[in-house]
Structures are given as structure tokens and as C-alpha cells.
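In what follows, a single structure is set out as C-alpha cells and then discussed.
The values are calculated or read from the model by the stated rules, or taken from the named source; none is laboratory data. Values in this document were obtained by computation on a predicted structure and should not be read as measured data. Virtual Cβ from ideal backbone geometry, glycine too; neighbours counted across all protein chains shown.
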Amino acid sequence: MSDSNSPVGTEPAEPQSITKIPLILEDCVSVFAMAMLALITFGNVVVRYLTSSSFAWTEEFSIFLLIIVTMTAGSTAFVRSQHIRIEFLADAGSPARQRRLAYIATLCSVLFFLALTILSARMVYDEYTWGDTSPAIGIPTWWYSIWVPILAAVITLRLTGMLHRLLRGGK
């Protein structure tokens, strides 16, 4: 994957080289979840076409898998600097200004995902306490939602690592 700003034939440094825990972990989980999502959706379409009915439980698993894909891909997008940003502002000005903006943006992201971790953990605790069950399968809903605080914590740790590298003067 070459950067449009880098000369032809040169590749930017891979984020894996600057992270202690390889990004391949999140990549593998994302690929597996996407493959499962595709298989479940394909199976549901075939069954619906052949029998004029669908599996209600597939939507519950699809929503769960979409949460997993969103969170794991979001984690790697931050580290690879592929997240959505306003490049006109982020890449403008002196390198010191760009570093300050990157620091502020990363700090805000850390605080957001830390809050998401805490609040979603509270939601999971409430679902566990109240015994909420899913409508189609009837399994506890916290089985699905437990992954939100776990993966939000992973993103928080990844962002904290980025913040640490920014403070040391790296990228």
C-alpha cells in the first residue's frame, strides 16, 4: 500500500513496526467476522429464496458481527492513520502545529473511548442484572454487548500507545 505523497517505489513504515502488539490480531478478527457475516447473509438469502421464509436469528448474529467488525477495524484505522479527519486542517501549518493537532485529536479519542468503555460496561452489567434476552434466540443480550466495552478498551489502549508515541516525538 503506497502513500500518494511518497515517491514511487517507496513504502511508508508499517504501523506494526511501531506497535508492541501486532495489528494482525485485529485484522484476523475483522476478516473472520466479515467472512461469517457473508456466510450467514448468503445462507439466509438462499433459504429465503427457496422457502419464502427467513431465519430470524441471523439478524441477531449479523448485528453482533457488525459490532465486532466496526470496533476491530476502527482500532487498526486509528493506528494506521486511516480514520476520518479533515486533512485540510490536520495537514496544514508547521510540523509543530500538525503534531499539536494530532495530540489533541488523539487525546479526545482516548477520552471518548474510555467513556465508551465505562458506559458500555455499565450497560452490560444492567443487561446481566435484569436478565434481558434476545427476541429471536432468547439468549442473554449481554453475550452480544460484552464485546463493546472489551473492544472499546482495546481501542483505548491502542490510542494510548499512539498518544505515548506522539509525546515522545514519533508518529
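At a glance:
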item	result
Among the residues listed as Arg85, Arg99, the single one being of a type in the set (Lys, Arg), out of contact with any Gly (no Cβ under 9 Å at 6 or more places or on another chain) and within 27 Å of His164 (Cβ to Cβ)	Arg85
Residue in the stretch 10-66 that is modelled with the lowest pLDDT, counting only those that are on the phi < 0 side of the Ramachandran plot, out of contact with any helix residue (DSSP H, G or I) (no Cβ under 9 Å at 6 or more places or on another chain) and hydroxyl-bearing (Ser, Thr, Tyr)	Thr10
Residue ID - farthest from Pro22 (Cα to Cα), chosen from residues in the stretch 108-165 that are of a type in the set (S, T, N, Q) and assigned to a loop (DSSP other than H, G, I, E, B)	Ser134
Unique residue being more than 30 Å from Arg80 (Cα to Cα), among the hydrophobic types (A, V, I, L, M, F, W, C), touching a residue at least 24 places away in the same chain (Cβ under 8 Å) and surrounded by 13 or more Cβ atoms within 10 Å (Cβ to Cβ) when the list is Ala153, Ala136, Ala121, Ala102	Ala136
Residues of the stretch 54-82 satisfying the condition of being within 22 Å of Leu166 (Cα to Cα) and either among the small types (Gly, Ala, Ser) or without any contact (Cβ under 8 Å) to a residue 12 or more places away in the chain (or both)	Ala73, Gly74, Ser75, Ala77, Ser81, Gln82
Selected residue (criterion: farthest from Leu159 (Cα to Cα)) from residues of the stretch 69-89 that are assigned to a helix (DSSP H, G or I) and either at pLDDT below 80 or of a type in the set (Gly, Ala, Ser) (or both)	Phe88
Residue in the stretch 53-64 that is part of a loop (DSSP other than H, G, I, E, B), under 20 Å from the mean Cα position of the chain (by Cα) and closer than 20 Å to Leu151 by Cβ present	no
Hits in the stretch 112-139 (condition: under 23 Å from the mean Cα position of the chain (by Cα) and not β-branched (Val, Ile, Thr))	Phe112, Phe113, Leu114, Ala115, Leu116, Leu119, Ser120, Ala121, Arg122, Met123, Tyr125, Glu127
